[in-house]
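Structure first, then comments.
The values are calculated or read from the model by the stated rules, or taken from the named source; none is laboratory data. Bear in mind the structure is a predicted one, so any value in this text is a computation, not a measurement. All Cβ positions, even for glycine, are placed from backbone atoms using ideal geometry, and neighbour counts span all protein chains on display.
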Amino acid sequence: MQKTTSSIFTIAVLVAALGYFVDIYDLLLFNIVRVDSLTDMGLSAAQVKTEGEFIISIQMMGLLIGGIIWGVMGDKKGRLSVLFGSIVLYSLANIANGFVHTSDQYALTRFIAGIGLAGELGAGITLVTELVHKDKRGLSTSFVAGIGLMGAVAAFFVSQNFSWRMCYFIGGGLGFCLLILRITVFESGMFTQTKKSGVSRGNFFMFFTDSRRFKKYICAILIGLPTWYVIGVLVAFSNNFAREFGITETVKPKVSTMFAYLCISIADLLIGFVSQSLKSRKKALYIFYILTIISIVFFFNQQNGTAAGMYVICAALGFGTGFWAIFVTMAAEQFGTNLRATAATTAPNMVRGAVPLIFLIFNWLQTVFSSMPHPYVTAGWVTGAIVMSVAIVAAYFTEETFGKDLNYVEQ
C-alpha cells in the first residue's frame, strides 16, 4: 500500500489547493457579479434581489445533487475520477454561462455548474487526508482551503477589469488549464487497497441504516451551517441590510464578498495551526464559533454606520467562519475509506444545499415580524441565532478526530 507522507507540501496538496481555488472562483462569481449581470440583462432593482435569491438557491440545489453523485463516484471509482469529471463539467457550464441572456438560462447554467462544483473540495480533501500522515493532515487540509478560498478574491479583481461574461469565460478556461496538472497526481493507496478487498463502497444509504453512523453524518453536516448563513445571507445581501441599518453610502455585495473571503482564507490557514497546537479539531471549531457570534452581533448593531464599517464587519464575519477546512476534514475523518469520499463530498454540499432552507426561514420570519419596525433585520438575526444554536449542539455531539487512524472501512 502507498505510504502516507509527513510533508504538508506535496503535488497532491498543491493540485487540490489549486483545484479548490478554481472551484471557489466559479462558486462565488455569481455573488460577485450578481447585481451587475442581472442589471445588464434588464432586470429592475427588485428583480435583482428576488431573481438573485432564486439563482443562488438553484445553484445550491445543483451542489446538493452533485455532492451525492460525486461522493458516491469518489468511493466507487476513485478520488481522481471525481477530480477529473467534476472540473470538466463546471468548466463547460461556466463557459456556457457567458452566453446567457435570460434569468432562466442563468439559473440553468448555474444549476449545472453547481453539480460540477460539488465534487472538487470533497474529493480533494479525501485524497489529501489519505496521503498525508495523520499528525499533519489538518495542516495540509488547511493549506488546501486557505489557498483555495483566495479564488473568491481573484474573482473580485477579475470582475473589476473584465465584463461579467468574460469573467465566466476565464473561470472555464482556468478549469481546463488545471486538468493538465491533474495528470501528475496518483490515486490514494487506502482507496486502492479497499477496492481490492471487495467491500461495499460509496453506498450513500449506509449513512441511514445505522443509528450511530446516521448521528455522525447529521452532526458532520450541521456544524458547517454558520458559514453559508454568513456568506449566503449576511454578506451576499449586505447592500439590503445596509439600507435597513440607515447606511446612506453604497454598499457593494461583491466588495463585501471579497473582504469576507480574504479573511476566510487567512483564518482557514490559521485554524490548522490552532487545531495542531490544541491537538483538537473541536476546540478549534468552538473558538471560531465564538468569533462568528461576536461578528454577527456587531453586524446587527451598525445603525447609521458607513460602507467602510460594513466591509470591516464582513471581513470579521469571514474570519470567524474560517473553519471550513476543519469542518470538511472532520467529515472525512468520521468515516471509513469505503464511505469517506461520500461523506467529505456530500457534507459541505448539504450545507450549501441548505441555503434555500435558510432563505425560507429568513423570509418566513420576515412575515412573522412584519408588525415590528425592521422585520428584515429582526428576521436576519433570529435566523442567525437558530443556525448558530443548531451548529453548537451538533459540534457538542461530534466525536474528536484529531490524530485518528483512517485506514479502516465501514461495515
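Which of the numbered conditions does residue 345 fail, given that it passes all the others? Conditions: (1) surrounded by 21 or more Cβ atoms within 10 Å (Cβ to Cβ); (2) more than 29 Å from residue 129 (Cβ to Cβ); (3) touching a residue at least 60 places away in the same chain (Cβ under 8 Å).
(2)
Looking at this structure, is residue 100 at pLDDT 85 or above and not in a helix (DSSP H, G or I)?
Spelling it out, residue 100 is indeed at pLDDT 85 or above and not in a helix (DSSP H, G or I).
Out of the residues in segment 66-80 that are out of contact with any helix residue (DSSP H, G or I) (no Cβ under 6 Å at 6 or more places or on another chain) and assigned to a helix (DSSP H, G or I), which is modelled with the lowest pLDDT?
80
What helices (runs of 4 or more DSSP H) lie completely within segment 120-186 and have 3 or more residues being under 21 Å from residue 347 (Cα atoms) and at pLDDT 85 or above?
Values: elements: 120-131, 137-148, 150-161, 164-182.
Per the criteria, 120-131, 137-148.
With (1) surrounded by fewer than 19 Cβ atoms within 10 Å (Cβ to Cβ); (2) among the aromatic types (Phe, Trp, Tyr); (3) out of contact with any Phe, Trp or Tyr (no Cβ under 8 Å at 6 or more places or on another chain) as the list, and residue 208 as the residue in question, which single condition is left unmet?
With (1) surrounded by fewer than 19 Cβ atoms within 10 Å (Cβ to Cβ); (2) among the aromatic types (Phe, Trp, Tyr); (3) out of contact with any Phe, Trp or Tyr (no Cβ under 8 Å at 6 or more places or on another chain) applied to residue 208, the lone miss is (3).
I'd like the full set of residues that are surrounded by fewer than 20 Cβ atoms within 10 Å (Cβ to Cβ) and either free of Cβ contacts under 8 Å to residues at least 12 places away in the same chain or not hydroxyl-bearing (Ser, Thr, Tyr) (or both), limited to segment 90-106.
The answer is 92, 95, 96, 98, 99, 100, 101, 104, 105.
Within segment 387-411, restricting attention to residues that are out of contact with any helix residue (DSSP H, G or I) (no Cβ under 7 Å at 6 or more places or on another chain) and of a type outside the set (D, E, K, R), which residue is farthest from residue 215 (Cα to Cα)?
Ranking the qualifying residues of segment 387-411, first place goes to 403.
State all residues of segment 40-58 that are of a type in the set (A, V, I, L, M) and out of contact with any Asp or Glu (no Cβ under 8 Å at 6 or more places or on another chain); if no residue qualifies, say none.
Taking segment 40-58 first, the residues of a type in the set (A, V, I, L, M) are 41, 43, 45-46, 48, 55-56, 58.
Hits for segment 40-58 are 41, 45, 46, 48, 55, 56, 58.
Mind counting the residues in segment 203-222 that are touching a residue at least 24 places away in the same chain (Cβ under 8 Å) and either within 24 Å of residue 256 (Cβ to Cβ) or of a type in the set (Phe, Trp, Tyr) (or both)?
3
Restricting attention to segment 118-174, report how many residues are farther than 23 Å from residue 278 by Cβ and of a type in the set (S, T, N, Q).
Going through segment 118-174 one residue at a time, the tally reaches 5.
Does segment 311-318 contain any residue that is within 29 Å of residue 70 (Cα to Cα) and either without any contact (Cβ under 8 Å) to a residue 12 or more places away in the chain or of a type outside the set (Asp, Glu) (or both)? Step through it out loud before you land on a result.
Residues of segment 311-318 within 29 Å of residue 70 (Cα to Cα): 318.
Applying the additional criterion that residues be either without any contact (Cβ under 8 Å) to a residue 12 or more places away in the chain or of a type outside the set (Asp, Glu) (or both) yields 318.
Scanning segment 311-318, I find at least one residue that is within 29 Å of residue 70 (Cα to Cα) and either without any contact (Cβ under 8 Å) to a residue 12 or more places away in the chain or of a type outside the set (Asp, Glu) (or both), so the answer is yes.
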